[in-house]
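Accompanying notes for the structure given below.
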Amino acid sequence: MPQESILGTSKLVAFAPVTDLVKARVFYENVLGLRLVEDEKPFALVFDANGTMLRVTPVAEHHPAPFTVLGWEVESIGRTVKQLTAAGVIFLRYPGLNDASPHGIWTAPGGARIAWFHDPDKNVLSLTQF
């Protein structure tokens, strides 16, 4: 029998570690277009990511994970990749996966289309069109 929901009805809060809040603010607010809700320097920048709270938090030392830490579901991955590329975002290429795609978009076996990029601290972020 399934356990009663403990967190299933609670809102998710996402976190992204960064070393420079000024660069992070420019990227998340101006490049990605997230709305800054609160500047809690030196503790965090709080963004509204379409109803999900994203706390961009400073850390003294950062070792980025080699995998996606934040991702967005988008309606049109082609259009979003073009917009972000125009804003200076460089999309990641993975040999044998998306390196042959002109825009770095990979099509998963199930049909989802995915592209990856870094924030200023080399956190891996992604876009997915299902």
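Observations on the model:
- Residue in region 31-54 that is surrounded by fewer than 12 Cβ atoms within 10 Å (Cβ to Cβ), part of a loop (DSSP other than H, G, I, E, B) and of a type in the set (D, E, K, R) present: yes
- Look at (1) within 17 Å of the chain's Cα centre (by Cα); (2) surrounded by 12 or more Cβ atoms within 10 Å (Cβ to Cβ); (3) within 24 Å of Thr128 (Cβ to Cβ) and you find that Val26 fails only one, number (3).
- Residue tally, condition polar (S, T, N, Q) and closer than 23 Å to Val81 by Cα, over region 1-50: 2
- Positions within region 19-47 being of a type in the set (Phe, Trp, Tyr) and without any contact (Cβ under 8 Å) to a residue 60 or more places away in the chain, in sequence order: Phe43, Phe47
- Filter pass, Gly88 being farther than 24 Å from Lys11 by Cβ, outside any strand (DSSP E or B), small (Gly, Ala, Ser) and free of Cβ contacts under 8 Å to residues at least 24 places away in the same chain: no
- All conditions in (1) among the charged types (D, E, K, R); (2) more than 13 Å from Asp119 (Cα to Cα); (3) not in a loop (DSSP other than H, G, I, E, B) hold for Arg25, with the sole exception of (2).
- Verdict on Phe91 being loosely packed, with under 10 Cβ neighbours inside 10 Å, under 15 Å from Val124 (Cα atoms) and out of contact with any Cys (no Cβ under 9 Å at 6 or more places or on another chain): no
Here's the yes/no breakdown for (1) modelled with pLDDT under 95; (2) farther than 18 Å from Leu127 by Cα; (3) in contact with a helix residue (DSSP H, G or I) (Cβ under 6 Å, 6 or more places away or on another chain):
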{"site": "Ala14", "(1), (2), (3)": "no, no, no"}
{"site": "Leu21", "(1), (2), (3)": "no, yes, no"}
{"site": "Gly33", "(1), (2), (3)": "no, no, no"}
{"site": "Leu45", "(1), (2), (3)": "no, yes, yes"}
{"site": "Asp48", "(1), (2), (3)": "no, no, no"}
{"site": "Gly51", "(1), (2), (3)": "no, no, no"}
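- Set Ala115, Ala60: member being in contact (Cβ under 8 Å) with a residue 24 or more places away in the chain, small (Gly, Ala, Ser), at negative phi and part of a loop (DSSP other than H, G, I, E, B): Ala60
- Filtered residues of region 95-111 (kept if surrounded by 11 or more Cβ atoms within 10 Å (Cβ to Cβ) and part of a loop (DSSP other than H, G, I, E, B)): Leu97, Asn98, Asp99, Ser101, His103, Gly104, Ile105, Ala108
The values are calculated or read from the model by the stated rules, or taken from the named source; none is laboratory data. The model shown is predicted, which means the values in this text are computed figures rather than measured ones. Cβ atoms come from the backbone with ideal geometry, glycine included; neighbour counts cover every protein chain shown.
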